[in-house]
Amino acid sequence: MNHVLVIDDDRELVDLLREILALDGFIVDAAYDYDSGLAGALDGEYVLVVLDVMLTGGSGLELLKTLRRSSNVPLILLSAVGETVDRILGLQIGADDYLAKPFDPRELAARIHAILRRTRDTSTDGSDIKVGDVALSATRRAVLRAEEPVELTAVEFNVLECLLRNAGSIVTRETLAETGSTYCRPNRWQPVEIGQ
C-alpha cells in the first residue's frame with residue numbers, strides 16, 4: 001500500500017479524500033496544521049504529499065520551501081486561490097502539480113497516479129526503471145527479473161520498456177505500434193511471456 005500525507009485544516013475534505021484515495025489503494029494520513037504537517041512530510045514514509053496553501057499556523061508555501069531544503073517527496077498544492085501568479089509561484093518553489101479548489105477528488109487521484117508514474121522507480125536520468133522485480137537499463141539494453149538476466153529481442157525490449165515506463169496506466173495500441181512492435185495487432189493484444 002502507498003501512504004499519502006494530506007496537510008489541510010479542512011477535516012471534511014481530508015475525510016473525503018481518505019475515502020476516495022482508499023479506492024485507488026492509498027492509505028491517507030492527515031495533518032491539520034503547519035507544524036504537524038511539516039513534521040509528517042519530513043518523516044520520509046510518504047510516496048506523495050497533498051498540501052493546502054492556507055494552513056492553520058503558517059503558510060503552505062513556506063512549508064513547501066522548508067520541505068524542499070531536505071526532501072524531494074512529490075507534492076501537489078491545493079488552493080482556493082486560483083490566481084495564475086499563485087500557481088506559478090507554487091510550481092517554482094517545488095510543487096509537482098497544483099489543483100485549485102473546489103476540485104473533483106477523482107481528478108486529484110488521477111494526478112497522484114500521474115506524478116507517481118513519472119517519479120517512482122526511475123533513475124535520475126530516466127535510463128533505469130524498476131517495477132516490482134523487473135529492472136530495465138535503457139543505456140545498457142539489459143533486463144533483470146528477480147536479479148536474473150532476461151534475454152529479449154530488440155522488439156521485446158522496446159515493448160517492455162514502453163510498458164514499464166507507463167506502469168499503472170493503459171498503454172494504447174498506437175503507443176505500442178510506435179515502438180515498432182510486431183506483437184501489436186489491429187484487433188487484439190498478444191501478451192509476450194518474458195523470462196519464464
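Flag: residue 12 does not match the condition of being without any contact (Cβ under 8 Å) to a residue 24 or more places away in the chain, closer than 28 Å to residue 167 by Cα and open to solvent by 20 Å² or more (accessible area, probe 1.4 Å). Evaluation of residue 76 against the conditions (1) within 18 Å of residue 22 (Cβ to Cβ); (2) out of contact with any Phe, Trp or Tyr (no Cβ under 8 Å at 6 or more places or on another chain); (3) outside any helix (DSSP H, G or I) shows that the sole unmet condition is (2).
All conditions but one from (1) β-branched (Val, Ile, Thr); (2) under 24 Å from residue 165 (Cβ atoms); (3) open to solvent by 30 Å² or more (accessible area, probe 1.4 Å) apply to residue 76; the one that does not is (3).
Yes/no per residue for (1) farther than 22 Å from residue 3 by Cβ; (2) open to solvent by 40 Å² or more (accessible area, probe 1.4 Å):
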position: 26; (1), (2): no, no
position: 38; (1), (2): no, no
position: 52; (1), (2): no, no
position: 62; (1), (2): yes, yes
position: 66; (1), (2): no, no
position: 71; (1), (2): no, no
position: 92; (1), (2): yes, yes
position: 130; (1), (2): no, yes
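Can you tell me how many residues in segment 154-196 are among the aromatic types (Phe, Trp, Tyr), open to solvent by 60 Å² or more (accessible area, probe 1.4 Å) and either closer than 25 Å to residue 24 by Cβ or modelled with pLDDT of 50 or more (or both)? Give the derivation first.
Quick first cut of segment 154-196, residues among the aromatic types (Phe, Trp, Tyr) only: 157, 183, 189.
Subsequent filtering for residues that are open to solvent by 60 Å² or more (accessible area, probe 1.4 Å) retains 183, 189.
From what's left, either closer than 25 Å to residue 24 by Cβ or modelled with pLDDT of 50 or more (or both): 189.
The number of residues fulfilling the criteria is 1.
For residue 44, state whether it is in contact with a Ser or Thr (Cβ under 8 Å, 6 or more places away or on another chain) and either of a type in the set (A, V, I, L, M) or surrounded by fewer than 12 Cβ atoms within 10 Å (Cβ to Cβ) (or both). So residue 44 passes the test.
A Cβ distance below 6 Å, combined with a sequence gap of six or more or placement on separate chains, defines the contacts here; from segment 40-58, residues that are touching a residue at least 60 places away in the same chain (Cβ under 8 Å) reach residues that are assigned to a helix (DSSP H, G or I) and buried (at least 22 other Cβ atoms within 10 Å of the Cβ) in the pairs 48/112.
Go through segment 135-159 and report how many residues are of a type outside the set (S, T, N, Q) and more than 22 Å from residue 177 (Cβ to Cβ).
Quick first cut of segment 135-159, residues of a type outside the set (S, T, N, Q) only: 135-136, 138, 140-152, 154-157, 159.
The next check asks that each one be more than 22 Å from residue 177 (Cβ to Cβ); those that pass are 135, 140, 142, 144-151.
Of the residues in that region, 11 qualify.
The values are calculated or read from the model by the stated rules, or taken from the named source; none is laboratory data. Nothing here was measured: the structure is a model prediction, and the numbers come from that model. Cβ sites come from the backbone with ideal geometry, for glycine too, and all protein chains shown count toward neighbours. Heads up: the accessible areas ignore ligands, DNA and RNA and are worked out on the full protein's heavy atoms, side chains in. Shrake-Rupley method; radii C 1.70, N 1.55, O 1.52, S 1.80 Å.
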